[in-house]
Amino acid sequence: MDTIVLVGYIAGTLTTVSFVPQVIKAWKMRETRDLSLAMLVLFGIGILLWTLYGLWTGSLPIIAANVITFVLILVLLFMKVRYR
């Protein structure tokens, strides 16, 4: 594996894992008032575009990280709507 691909996987892992504590906190507290709906929607759109970019360029680290991040954002959006 090329060094740059390894860097991509590490970067993708760190940025994706950064959402996990927020998901856990929102799940446990049943509270999402402090999360901006606009930020989640805009970030989700950005993540989808990064996923498309990854698909077009064939970059597996970009695809994997962004698909997982998008799922986490969907979970937060679901909780944001449900816990209103």
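The values are calculated or read from the model by the stated rules, or taken from the named source; none is laboratory data. Keep in mind it's a predicted model, so treat the numbers as computed, not measured. Note: ideal-geometry Cβ built from the backbone for every residue, glycine included; neighbour counts use all protein chains shown.
Structure values in brief
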quantity: Condition check for residue 80: charged (D, E, K, R), surrounded by 14 or more Cβ atoms within 10 Å (Cβ to Cβ) and assigned to a helix (DSSP H, G or I); calculated: yes
quantity: Selection from the stretch 52-66 of residues that are of a type outside the set (Gly, Ala, Ser) and either farther than 13 Å from residue 16 by Cα or surrounded by fewer than 17 Cβ atoms within 10 Å (Cβ to Cβ) (or both); calculated: 52, 53, 55, 56, 57, 60
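Residues are listed down the side, and each one gets a yes or a no for (1) among the aromatic types (Phe, Trp, Tyr); (2) in a helix (DSSP H, G or I); (3) loosely packed, with under 12 Cβ neighbours inside 10 Å; (4) at pLDDT 95 or above:
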position: 9; (1), (2), (3), (4): yes, yes, no, no
position: 33; (1), (2), (3), (4): no, no, yes, no
position: 42; (1), (2), (3), (4): no, yes, yes, yes
position: 69; (1), (2), (3), (4): no, yes, no, yes
position: 72; (1), (2), (3), (4): no, yes, no, yes
